[in-house]
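Here the structure comes first, spelled out in structure tokens, and everything after it is commentary.
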Amino acid sequence: MAIPAKLTRCSGMVMLCLFLELLLAASARNILYSVPEETDKGSFVGNIAKDLGLEPQELAERGVRIVSRGRTQLFSLNPRSGSLVTAGRIDREELCAQSSRCLVSFNILVEDEMKLFPIEVEIIDINDNTPQFQFEELEFKMNEITTPGTRIPLPFGKDLDVGMNSLQSYQLSYNPHFSLDVQHGPDGPQHPEMVLQSPLDREEEAVHHLVLTASDGGSPVHSGTVRIRVQVVDVNDNPPAFTQAEYQTSVPENVPLGTQLLMVNATDPDEGANGEVTYSFHNIDHKVAQVFQLDSYTGEISNKEPLDFEEYKIYPMEIQAQDGAGLMARAKVLIKVLDVNDNAPEVSITSVTTAVPENFPPGTIIALINVHDQDSGENGHITCSIPENLPFKLEKLVDNYYRLVTERTLDRELTSEYNITVTATDQGNPTLSTQTHVLLLVTDINDNPPLFYQDSYSIYIPENNPRGASIFSVRAQDIDSNENAQITYSLVEDIIQGAPLSSYLSINSDTGVIYTLRSFDYEQFQNLQLRVTAQDSGNPPLSSNVSLSLFILDQNDNTPEILYPVLPTDGSTGIELAPRSAEPGYLVTKVVAVDRDSGQNAWLSYRLLKASEPGLFSVGLHTGEVRTARALLDRDALKQSLVVAVQDHGQPLLSATVTLTIAVADSIPDILADLSSISTIANPEDSDLTLYLVVAVATVSCVFLAFVTVLLALRLRRWHSTRLLQAAGSGLEGMPASHFVGIEGVRAFLQTYSHEVSLTTDSRKSHLIFPQPNYADTLISQESCEKKDFLSVPQSLLEDKKETFSQVIL
């Protein structure tokens, strides 16, 4: 008979179902089958697939298997038919001895759902055992004066079968002096007794031979016999008598071998041989007889084999006392075995998961565990535990089953492997325990992005770096494992001065090494801001960014650039004017230069490299101002030639030179006269050209004087005068204003100091230099050049120049 259970399927793979339903075995009846004993291997027991609500092919797919505790596997599953079949020969008597009903219990485990279904199979007895007596022949001695009606207990027959197949009846062979009477005891077995029907006469027949037959109720009927020999003896009127009708004792199961457990005592008041009492076992199971030893003279009972509470809790036996004349008495002996905690709990792992992802929710089933203790009472009461510091817990199920589940979400980065110790402890004294280990691997998921070692990085490289050189290396770490920790580096695309970032830099995707793709110029830009992305290879991929600041360090790669004086484009040399009346320290002109480098590389110094008249002029070391070093003398030449060198402070030092021509005269006519004496006219056209130049100079001077007069009259602010000078000298638009740039980048606008009229010594190639601003400082920034700001003119210089141009006009 099979009772199918309603099952709920769980759709998972080898990894366990996340939310396991409560096991139905606690509330549903067991599935019950029956099978006769001694059937052949593979005999059909029941359709387990049908009763579980499964198809036969699903047994293997869903991991359906038999789990049993501590015994040979008696049954197996046929995966093709879905049937429960016998795994071998089954002997009911070996399994259940004399129990009226023999049930074999085990569980069916549905692996993918981690569900247990209790199964019971009743082993049906067949008549495969013959009734047997302990002895093949018995001998009794009876006194000839024994009165009729005396009862002589006969030995019990034993039949290992049960029910109708067990021992059912006794028969005694015919004898006119004896008959058989069978008594039914309160505990069930039949007690055969031989009853004396008529007086015995030793002289008539000294020995009587009888046969006692025991028969079962099986089909066919089996029987066993014992031969009985009754010897008739002379008169003995006092049988032995035990001091107690029943002897009882309790001994622990671990009592040493040979220990005296009990002593029976019977007395006989007769004398001589009639009073000598001997003891023997009567109606005792052959297994019990193998465990105990009886001293036939003292009545002392001892153990010759170890006692086992798990096998026998009580050893029943009957002791017979017989005197020399053959009179007998019997007493019942019960030896109770006390359980001691001599069996450690047994722990078996029914099902286990060896690996679980770290993102599985709490309650995930890791293992199904069964515990068992062969002891009884407190000695067999088991508690199962695991260490408290683990993210797992044990949940009690039915039939001493536990399930090991996760108590919280696991984190592989904290612990990648757990060796879970499961301890089963009984309640005996002393307690015994057994440990087993469950090894669980926590598999990785991509739950951690790569992280850089710093929040940001600063990189410093000199300008003019070689292309393709590595300049820096970034590195990120991902605490995940395998492909989830494989990091790829990339640059976040950006536009730098109209060009993509990828045209400036590249990064090795595997190592994070950054390379330059072009040579950087500090004068073009001083820094770059970029971001590097580190991305793992997980699914989905995770990434993080880090900021990099790339600073370009200036190198001394620019020669100082002279802004003033500006050399004419036709190759001639401009002339500066110095009046002969100039006092020492008179500002003749100023050399203005700028260096596109920065810092120390842009610090400029001026020095007089060469002079046609040594000692006449000096050059300011930091200002570049050309001043008279002494008063001009009549003997000083009209034309003075100076070579001024401008040098920066970089490493290596870079420099530039400019040649200045200074005309020494008090007025332009004097210059022209002196120049005429110096210069030789090559043809008549040169004279006309000089005249045109003189007229042009005079006209320009008049216009300039008019503007100066208006400016002085209106007393406008300095910026008005700057705008008017811009309109008057349109040739100044190409001249950038300079400013001083120190280490700290401080800027100071330069101011004009003079306006000069210069002529070349060669009147045919004369070049008119319109009034231009000179600079009081040494550096001009690129920014100010782009803005094309004009410089203001000090009033004192305007007044000096007014007098000069008045003389020219006159």
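Every number here is computed from the coordinates shown, using simple stated rules; none is lab data. All of these numbers come straight from a predicted model, not from anything done at the bench. Virtual Cβ from ideal backbone geometry, glycine too; neighbours counted across all protein chains shown.
Take each of the peptides 257-270, 212-225, 313-326, average the number of other beta-carbon atoms within 10 Å over its residues, and list them starting from the highest.
Details: 257-270: 15.8, 212-225: 17.7, 313-326: 19.5.
Averaged packing, sorted descending, gives the order 313-326, 212-225, 257-270.
What's the center-to-center distance, using Cα atoms, between region 505-532 and region 430-458 in Å?
Each part's Cα centre sits 38 Å from the other's.
Considering the Cα trace of region 239-344, what is its radius of gyration and what is Dmax, both in angstroms?
Values for region 239-344 (Cα only, Rg and Dmax): 14.9, 56 Å.
Return a whole-number percent for the relative contact order of region 459-558, with Cα pairs under 8 Å and 6 or more residues apart as the contact set. Mind dumping the intermediate values first?
Numbers: 205 pairs, mean separation 36.2, N = 100.
Computed value for region 459-558: 36 percent relative contact order.
Tell me the chymotrypsin sites (Phe, Trp or Tyr not before Pro) within region 107-163 that lie in a loop according to DSSP and have at most 14 other beta-carbon atoms within 10 Å.
Working: sites: PHE133, PHE135, PHE140, PHE156; in loops: PHE135, PHE156.
Here the sparse-neighbourhood loop sites are PHE135.
Stretch VAL352-VAL182 to full length: gain in nm at 0.36 nm per residue minus the Cα-Cα span?
55.3 nm
Mind jotting down the distance between the C-alpha centroids of region 190-255 and region 133-182, whole Å?
6 Å
Here are some pairs, LYS50/LYS115; LYS590/LYS639; LYS158/LYS336; LYS313/LYS396; LYS41/LYS287; which of them have Cα atoms lying more than 26 Å apart in this structure?
Where the Cα-Cα span goes over 26 Å, the pairs concerned are LYS313/LYS396; LYS41/LYS287.
Mean separation of Cα pairs under 8 Å and 6+ residues apart, divided by the residue count of region 468-516: what relative contact order is that in percent?
Values: 67 pairs, mean separation 23.2, N = 49.
Worked out over region 468-516, it gives 47 percent.
Are there trypsin sites (Lys or Arg not before Pro) in region 619-652 that DSSP marks as loop and that have at most 16 other Cβ atoms within 10 Å, and which are they?
Values: sites: ARG627, ARG630, ARG635, LYS639; in loops: ARG630, ARG635.
Those satisfying the criteria are ARG630, ARG635.
Which order do the peptides 273-280, 536-543, 587-594 take when ranked by the mean count of other beta-carbon atoms within 10 Å per residue, highest first?
Details: 273-280: 17.6, 536-543: 15.2, 587-594: 25.0.
Highest to lowest by the protection proxy: 587-594, 273-280, 536-543.
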